[in-house]
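First comes the structure, then the notes that go with it.
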Amino acid sequence: MKASKCFERFPISVVKAILVVLTAGVLAVNVMTIDRINQLNSDLSNRKNEATWFILQLVKEYSNFITETHLTPINKQNLWLAYDLTWSRFDIILNSKESALFIKQANYKTFFESQFEKFQGLEKSLTLIESQPDLQSAFQQRVELNFEEMIHFINEKFQIQSPITQKNQTEIKRLLILQKASTVALIILFVLTASIFWVDTKLRLTLQRKDPLTCSLNRIALSHDIKSPSISTQYHLLSIRLLNLPEVNHKYGIDYGDLLIKTAAERISSAINEPLSLYRYTGSQFIVLSHSEQGTMSVDVEQDIKNALAQPINLADMTLLLDVTISRDSYLLRKNLVEKLTQLSKKTAFTSS
């Protein structure tokens, strides 16, 4: 029993607010993650593009250097120029900011450093073949062996212009587009969820103000309306009480009593219009109240209500009559209105007992 009461007192609106905040947090994380992925992908692409360009230049200059080693007789000036250009390409790959960072992150730095050391070791051989041309063939084999080792590594690891790499890049772009679309869907779902919560709250507030049997305003709505700021400084009140409700309930059952109440509410509602409002104040009592200066409770309105309630309720097996008492009070201040409602409530309770 205590658990039930605690549950009823627990503010469900707080749970909804927490859920909305959590959803917003997840959405924010998702958006930031996408931005970070795009940023990392862009940075990685820039580094790889620069490294790819420098490696292509290295392969080009290395190939020119190999071509110079095959010439007979050797052109010393062109051979040393090709060596220096290839040496500079190694240096750029290893020390250029973007390229060096990519090679380091991809764990390629050790390989290119070892290849650079092997290439630098060729410098002594270059000096020797100037004085000993018969060493040219052995020198060519050594250079080609180093070059083939480097080309094999590049084709296997770096995958320059590889169709597989291009396919993977296309797949990444497709996945990013899909993720962006899912983010848009998540945003739409978040807006819909928030809207549903808002509509649900509005409906609950509306239901709290409605009497479930007659669908007219209830006592809670009346208390709220007379406490809220109003342009009216004076109120006009019409009290309607069903005198024969206890008798009908006792004699025919509560189903017929409910029918009596519903019929009375429908007939009163049809006899009034704005700015007059109908409230079910107690089980057998209705209140008609004006909320503006134009909503005076005229004698004609009271007579229309009397005429409507005087009509019999024709059922298949019987006919019921509405035995009512009506009282009218005009030009009530808010304080006087509250006192009047308190008196009516006490009077009804005393009569029922």
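The values are calculated or read from the model by the stated rules, or taken from the named source; none is laboratory data. For clarity, every value in this text was computed on a predicted model and none was experimentally measured. Cβ atoms come from the backbone with ideal geometry, glycine included; neighbour counts cover every protein chain shown. Ligands, DNA and RNA are stripped out before the accessible areas are found, and what is left, the full protein with its side chains, is counted by its heavy atoms. Shrake-Rupley method; radii C 1.70, N 1.55, O 1.52, S 1.80 Å.
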Scan around PHE286 for amide H atoms under 5 Å from its own, H built in the peptide plane at 1.01 Å from N, and keep only partners 5 or more places away or cross-chain. ILE240, ARG241, LEU242, TYR281
Between LYS227 and VAL26, with labels modelled 7 Å along Cα→Cβ, what's the label distance in nm to one decimal, could you check? 3.7 nm
Within the accessible area of segment 185-237, what % is carbon and sulfur when the probe is 1.4 Å and the other protein chains stay in place? 72 percent
Give the calculated FRET efficiency between ILE196 and ASP258 to the nearest 0.05, with a Förster radius of 35 Å applied to their Cβ-Cβ distance. 0.60
Order of 62-69, 128-135 by packing, highest average Cβ count within 10 Å first? 62-69, 128-135
Here segment 204-267 gives, from Cα atoms, an Rg and Dmax in Å of 14.8, 46
By per-residue mean of other Cβ atoms within 10 Å, what is the highest-first order of 87-96, 70-79? 87-96, 70-79
Percent of Cα-Cα pairs more than 19 Å apart in segment 252-336, please. 42 percent
Distance in nm between pseudo-label sites at LEU186 and LYS97 (7 Å out along the Cβ direction from Cα): 3.3 nm
On a full-extension model of 0.36 nm per residue, what is the gain between ARG328 and LEU178, subtracting their alpha-carbon distance, rounded to one decimal in nm? 47.1 nm
